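These notes are about the structure you will find just below.
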Amino acid sequence: VTFDPKTLDPQLVYKLLIGSVLPRPIAWVSTISSDGVRNIAPFSFFTVASIDPPMVCVSVQRPEVSWKRAKDTIGSIAETREFVVNIATSELLDQVVMTAVSYPPDVDEFVVAKLTPVASDIVAAPRIAESPVNMECQLHRMINLGADVLVIGRVVRFHFRDDLLDSRLRMRVNLLRPLGRLAGPDFATEFNSVKRSVPFIESPEAL
Ligand SMILES: Cc1cc2nc3c(=O)[nH]c(=O)nc-3n(C[C@H](O)[C@H](O)[C@H](O)COP(=O)(O)O)c2cc1C
């Protein structure tokens, strides 16, 4: 079956995209507004954007374009130009889902989801203590892409739980247990790891 996205309702195009690009890692983004309200939200349109300098990106839908108020995360990042990407893990699934609810802008989502804020080293936004990997980010650029905005952040500090990295800084993925988003209500909480040597030895991934 073949589709021309121009002739499809955007909600259906969304289904085709999230059903095809998966599993997606989840950036659990913590921010603080200029009024001091802390916010957390998960975003699975998330990946590495560059290595040197290190940048990550998340794509956020702009419901205000069609029907609802803007997402608090975007308001806070636009005001403060700072945020933290916390990596979502399988044991945190229930709290990840709790922070996806669209609460009024004055609600502290650390309190709602019973999560612990930890002061960041560089940015004002707090890290989530329960998440084992945190990246403090400064906004590089926000790019409007129709009904979505791509947020690119420069990582200015990495934090890892002490047991996670081996002596060569490789991630012990079985300890991290990263959470993946599939489509609809489905999440990936476990994965099978299969080893293959990759012939691109110059790639940083192979080091
Ligand atoms: C696992 C998961 C992944 C999500 N990924 C995205 C995403 O990539 N982009 C997006 O705009 N919303 C995504 N959402 C929805 C937002 O998390 C949700 O709209 C949230 O309420 C926004 O919060 P805020 O208004 O506090 O910023 C996702 C929700 C879940 C549960």
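The values are calculated or read from the model by the stated rules, or taken from the named source; none is laboratory data. A quick note: this is a predicted structure, and the numbers were derived from the prediction, not measured. Cβ atoms come from the backbone with ideal geometry, glycine included; neighbour counts cover every protein chain shown. The accessibility values were calculated without ligands, DNA or RNA, using every heavy atom of the protein model including side chains. Shrake-Rupley method; radii C 1.70, N 1.55, O 1.52, S 1.80 Å.
From the list Ala129, Ala147, Ala183, Ala125, pick out the single residue that is closer than 20 Å to Lys71 by Cα and within 17 Å of the chain's Cα centre (by Cα). Spell out the reasoning first.
Working: Ala129 fails: closer than 20 Å to Lys71 by Cα; Ala147 fails: within 17 Å of the chain's Cα centre (by Cα); Ala183 fails: closer than 20 Å to Lys71 by Cα.
The conditions single out Ala125.
Filter the stretch 149-196 down to the residues that are modelled with pLDDT of 95 or more and of a type in the set (Asp, Glu), then identify the one that is nearest to Gln61 (Cα to Cα).
Checking each candidate, the answer is Asp186.
Can you find a residue in the stretch 55-70 that is acidic (Asp, Glu), surrounded by fewer than 19 Cβ atoms within 10 Å (Cβ to Cβ) and modelled with pLDDT of 95 or more?
No: the stretch 55-70 contains no residue that is acidic (Asp, Glu), surrounded by fewer than 19 Cβ atoms within 10 Å (Cβ to Cβ) and modelled with pLDDT of 95 or more.
Select the strands (runs of 3 or more DSSP E) contained entirely in the stretch 18-114, then report the ones holding at least 1 residues which are near the ligand (Cβ under 10 Å from one of its atoms) and touching a Gly at 6+ places or on another chain (Cβ under 9 Å). Please lay out each step first, then the result.
On the way: elements: 27-32, 38-43, 46-50, 55-61, 82-87.
Result: 27-32, 38-43, 55-61.
Which residue pairs have Cβ atoms under 9 Å apart, sit 6 or more places apart or on different chains, and have a first residue in the stretch 144-158 that is touching a residue at least 12 places away in the same chain (Cβ under 8 Å) and among the acidic types (Asp, Glu) and a second that is open to solvent by less than 100 Å² (accessible area, probe 1.4 Å) and within 16 Å of the ligand (Cβ to nearest atom)?
Final answer for the pair search is Asp148/Phe45; Asp148/Ser59; Asp148/Val60; Asp148/Gln61; Asp148/Arg62; Asp148/Val65.
Inside the stretch 88-121, can you point out the residues that are farther than 23 Å from Gln138 by Cβ, open to solvent by 20 Å² or more (accessible area, probe 1.4 Å) and of a type in the set (A, V, I, L, M)?
Those that are farther than 23 Å from Gln138 by Cβ, open to solvent by 20 Å² or more (accessible area, probe 1.4 Å) and of a type in the set (A, V, I, L, M): Leu93, Val97, Met98, Ala100, Val101, Val107, Val111, Val112.
Is it the case that the stretch 155-168 has a residue that's over 22 Å from Ser50 (Cβ atoms), open to solvent by 40 Å² or more (accessible area, probe 1.4 Å), of a type in the set (Asp, Glu) and not in a loop (DSSP other than H, G, I, E, B)?
No, the stretch 155-168 has no match at all.
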